[in-house]
Amino acid sequence: MDGSGSQRGRHRYDEVYGEGAADRLLAALSGPGAALGRYGIDFNFGEIYSRPGLDLRQRQIASIAALVGMGDCAPQLKGHIKAGLNVGLTEDEIVEVIIHCVQYVGFPRAINAANVARGVFAERAAATGGKDG
């Protein structure tokens with residue numbers, strides 16, 4: 001997937017995760033995981049995240065809810081909670097997404113997700129000196 005899908009994917013990934021994030025992901029997944037990193041950026045962000053109909057906030061709500069439902073995805077959930085905050089979701093909105101999911105996924109998965117969110121919020125507060133953003 002070279003060309004426009006790849007460039008569009010890298011741009012959208014950086015828009016969601018921060019400047020240079022695509023390069024950092026690709027470097028972290030070099031070697032056996034290199035193709036997965038490229039496919040993830042090219043397809044997920046170059047195609048799916050670039051479609052019309054949902055803005056980045058709405059896409060992160062959907063992603064967080066899906067990962068809460070899947071369970072056993074703490075690293076990915078952590079990344080999408082951070083991304084949600086990056087694109088303008090509030091901590092309260094993220095908590096409400098998790099609470100909404102409990103009726104479908106059960107308390108254990110929702111509690112685990114809440115613990116992941118709590119950790120992300122604490123990291124963010126420490127990095128910003130307790131200030132939002």
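Region 96-115 and region 5-33 have their alpha-carbon centroids 29 Å apart.
Between the entries (i) 14.4; (ii) 8.4; (iii) 10.7, the label attached to mean projected area of the Cα convex hull in nm² calculated for this structure is (ii). Start at zero, step by 5 Å, and the Cα-Cα distances of region 1-51 spread as 5, 27, 32, 25, 9, 1 percent across the bins. The sum of -39500 (n - 2.57) across all DSSP H runs of n ≥ 4, divided by the residue count of the chain, sets its helix-only mean residue ellipticity at 222 nm to -22500 deg cm²/dmol.
Among the GluC sites (Glu not before Pro) in region 1-86, which ones are in a DSSP loop with at most 14 other Cβ atoms within 10 Å of the Cβ? Mind listing them? In loop regions of region 1-86 (DSSP not H, G, I, E or B), the sparsely surrounded GluC sites (Glu not before Pro) are 19.
Among 76, 58, 103, the largest mean-square fluctuation in a Gaussian network model of the chain (Cα springs under 10 Å) belongs to 103.
With the simple model of a label 7 Å out from the Cα in the direction of the Cβ, residue 121 to residue 74 spans 1.8 nm.
Between the residues 70, 98, 56, the greatest Cα displacement towards the positive end of the dipole of the chain, with unit charges on the Cβ of Lys, Arg, Asp and Glu, is found for 70. Phi angles of region 47-52 translate, via the Karplus equation with coefficients 6.51, -1.76, 1.60 and θ = phi - 60°, into HN-Hα couplings of 10, 5, 5, 9, 6, x Hz per residue; Gly and Pro are given as x. Please identify the trypsin sites (Lys or Arg not before Pro) of region 82-133 that satisfy two criteria: DSSP loop assignment and at most 16 other Cβ atoms within 10 Å. Which are they? The qualifying sites are 131.
Quick note: the coordinates plus some simple rules give every number you see, no bench work behind them. Bear in mind that the values here come from a model prediction, so they are computed numbers and not experimental data. Ideal geometry is used to build each Cβ from the backbone, glycine not excepted, and the neighbour counts take in all protein chains shown.
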